[in-house]
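**Q** My questions will all concern the structure given below.
The values are calculated or read from the model by the stated rules, or taken from the named source; none is laboratory data. Computed from a predicted model, the values in this text were never measured in an experiment. Just so you know, the surface numbers come from the protein's heavy atoms only, side chains and all, with ligands and any DNA or RNA stripped out. Shrake-Rupley method; radii C 1.70, N 1.55, O 1.52, S 1.80 Å.
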Amino acid sequence: MSLTMEQSSAYVEKCVHGDPAACSGACPFRLDIRAFLDKVAKGRWAPAYKALRDAVVFPAVVAALCPQPCRGVCLRDQTGDEPIAVRDIESAVVRYTANRPAESFAMPPKAERVAVIGAGPAGLAAALALAQKK
């Protein structure tokens, strides 16, 4: 499919400035892929990892196993380009930030207790999020 320059510009404009991005809508974790890729493009690996970590509790696992539903809706495909391989970029972000110190929050411990039932990914994610909040 051959596009004119105006048609190609319209696709790029829709992808970069449209709301919401089709790829983010296809992501089961609702990762803001536009913001994530913007941080990566600027070499801001730690903020990119934080954005990924906020959307996905286990970024290394997701980066290895993600079926990439975002590729099926990537607008670059309509311009004759190849869709962006977000999973590969996620893997790079995880790899470049592998030696980061653990996140620590200066929050006072809570007196209340919480029980998390289930040891699947959702239960582990909930337990980890609650532990970070003490």
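**Q** Determine the per residue accessible area of the range 39-97 with all protein chains present and a 1.4 angstrom probe, expressed in square angstrom.
**A** Per-residue value: 54 Å².
**Q** Can I ask one more? Just to check I understand the Karplus step: with θ = phi - 60° and J = 6.51 cos²θ - 1.76 cosθ + 1.60, what whole-Hz values come out for the range 82-96, glycine and proline as x?
**A** For the range 82-96, the Karplus curve yields 8, x, 6, 8, 4, 4, 5, 5, 4, 4, 5, 4, 4, 5, 6 Hz.
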